[in-house]
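Shown next, in structure tokens, is the structure this report addresses.
The values are calculated or read from the model by the stated rules, or taken from the named source; none is laboratory data. Given the structure is predicted, the values throughout are model-derived calculations rather than measurements. Reconstructed Cβ throughout: ideal geometry from the backbone, glycine too, with neighbour counts over all protein chains shown.
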Amino acid sequence: MAMIQNLWYAVLESRQIPRSTPVGFMRLGERMVFWRDQTGAAHCFFDRCAHRGASLALGDLIEGHVRCPFHGLEYDSSGRCVRIPANGKNAPVPPAYAMRSYPVFEGWGWIFIWWGTEDPHPAEPPYFEDLKEFRRWDSVQDHWDNHYTRVAENQLDVAHLPFVHHNTIGRGHKTLVEGPGVQWVSDSLFFQYVYNKVDDGSIPRGPDEVPVPDPDRDYKLEFILPNLWENRISDKLRVTAAFVPVDEDHTILYLRFYPIFMPLPGLSWLVGKLGSLMNLVIAHQDRRIVNTQLPKSDGIGTGENLFRGDKPIMEFRKKRQELMRSR
């Protein structure tokens with residue numbers, strides 16, 4: 001699967017890796033096994049036993065190692081086999097018995113893996129600064145039948161709102177797109193400013209004519225490459241998404257609802273559940289359309305004719321292609 005090299009990818013939520021057993025997931029076009037050692041630290045490597053290719057995710061954990069369910073080979077946190085029972089407990093293990101491992105970072109309720117050949121840099125993945133302190137949210141997962149870039153671009157597309165979401169977040173018939181404004185903050189982070197309005201016959205302002213940044217409003221969208229997005233609705237309310245690649249044609253959309261305005265844990269839980277339900281309703285309105293887009297898996301949008309309201313999508317594609325070539 002063609003991915004940008006040498007970046008941190010959000011691939012799971014922390015709660016998906018238990019302490020008691022290894023678990024397997026398809027991510028970035030590869031079968032991966034995730035597990036926790038005796039300290040609780042998360043680890044990940046290619047899910048294929050070096051002996052005869054069995055899935056280690058079907059095995060168990062023993063003394064801080066993953067044990068293959070087929071012949072009992074044990075692997076340490078680096079993916080190196082440390083014991084082959086059939087050869088005897090004191091027999092040396094040949095170097096060929098090793099799995100490709102992926103550096104793991106766990107933070108903010110996410111599991112990130114480093115996809116690349118270089119050592120992780122930075123050592124900590126970039127994340128939304130305004131959300132690092134929060135510990136309460138509600139989350140849901142949604143499976144989409146399309147390339148992860150298609151799912152990500154949908155969150156950058158402001159022109160579809162009054163049509164796909166005419167009875168939810170797109171109410172008001174604001175079909176005229178002014179801007180959108182795009183502000184690059186770093187090589188992997190940009191802000192997006194939305195200025196949709198009812199078509200009153202005026203000529204809409206272009207992306208270079210709208211305020212960027214806008215000092216008069218809190219609302220903006222944020223995107224961290226390769227696969228994180230935040231809808232900063234207000235100081236008291238956030239929605240985030242992770243576009244997690246499964247393979248060329250499948251993506252899992254992780255949606256989080258942050259009810260920051262609700263300080264009481266019990267009410268916060270209830271509001272979070274309701275917010276997640278609404279997130280799913282909105283996502284399914286999108287999914288119905290996005291899953292029909294062609295081509296499904298080039299990540300470029302071959303054959304499309306974009307207009308200036310697609311500026312954020314253009315910026316995303318341009319940066320992604322730059323990073324693909326440079327890494």
Open item on the list: Based on this model, can you work out whether Phe257 counts as touching a residue at least 12 places away in the same chain (Cβ under 8 Å), touching a Ser or Thr at 6+ places or on another chain (Cβ under 7 Å) and of a type outside the set (Ser, Thr, Tyr)?
Closed with: yes
Task: Hits in the stretch 278-327 - residues which are charged (D, E, K, R) and assigned to a loop (DSSP other than H, G, I, E, B) - done: Lys296, Asp298, Glu304, Arg327
Task: Failed condition for Arg83, given (1) loosely packed, with under 15 Cβ neighbours inside 10 Å; (2) out of contact with any Pro (no Cβ under 9 Å at 6 or more places or on another chain) - done: (1)
TODO: Report whether or not Asn146 is of a type in the set (S, T, N, Q) and surrounded by 17 or more Cβ atoms within 10 Å (Cβ to Cβ).
DONE: yes
Open item on the list: Being more than 21 Å from Pro126 (Cα to Cα) and of a type in the set (Gly, Ala, Ser) is the requirement here; does Ala42 meet it?
Closed with: no
Task: Meets criteria (in the same structural domain as Pro180 (by TED's automatic domain parsing) and either within 15 Å of Val151 (Cβ to Cβ) or free of Cβ contacts under 8 Å to residues at least 12 places away in the same chain (or both)) for Ile233 - done: no
Task: In the stretch 40-59, residue farthest from Val11 (Cα to Cα) [restricted to those that are in contact with a strand residue (DSSP E or B) (Cβ under 9 Å, 6 or more places away or on another chain) and among the charged types (D, E, K, R)] - done: Arg48
Open item on the list: For the list (1) modelled with pLDDT under 95; (2) assigned to a strand (DSSP E or B), I need the number of the one condition that Cys81 fails.
Closed with: (1)
- [ ] Just name the residue that is nearest to Gln5 (Cα to Cα) out of those in the stretch 176-205 that are in contact with a strand residue (DSSP E or B) (Cβ under 7 Å, 6 or more places away or on another chain) and free of Cβ contacts under 8 Å to residues at least 24 places away in the same chain.
- [x] Val185
Open item on the list: I need a count of the residues in the stretch 263-316 that are acidic (Asp, Glu) and modelled with pLDDT of 95 or more.
Closed with: 3
TODO: Enumerate the strands (runs of 3 or more DSSP E) found wholly within the stretch 216-274, keeping only those where 1 or more residues are at negative phi, of a type in the set (Ser, Thr, Tyr) and crowded, with 21+ Cβ neighbours inside 10 Å.
DONE: 237-247, 250-258
Open item on the list: Can you find a residue that is assigned to a helix (DSSP H, G or I) and of a type in the set (Ser, Thr, Tyr) anywhere in the stretch 179-189?
Closed with: no
TODO: For the stretch 113-136, indicate whether the set of residues that are surrounded by 19 or more Cβ atoms within 10 Å (Cβ to Cβ), aliphatic (A, V, I, L, M) and part of a loop (DSSP other than H, G, I, E, B) is non-empty.
DONE: no
- [ ] Determine whether the stretch 206-214 contains at least one residue that is surrounded by 17 or more Cβ atoms within 10 Å (Cβ to Cβ) and touching a residue at least 60 places away in the same chain (Cβ under 8 Å).
- [x] yes
TODO: Name every residue in the stretch 84-112 that is under 15 Å from Ile224 (Cβ atoms) and either in contact (Cβ under 8 Å) with a residue 60 or more places away in the chain or part of a loop (DSSP other than H, G, I, E, B) (or both), in order of residue number.
DONE: Phe105, Trp108, Trp110, Phe112
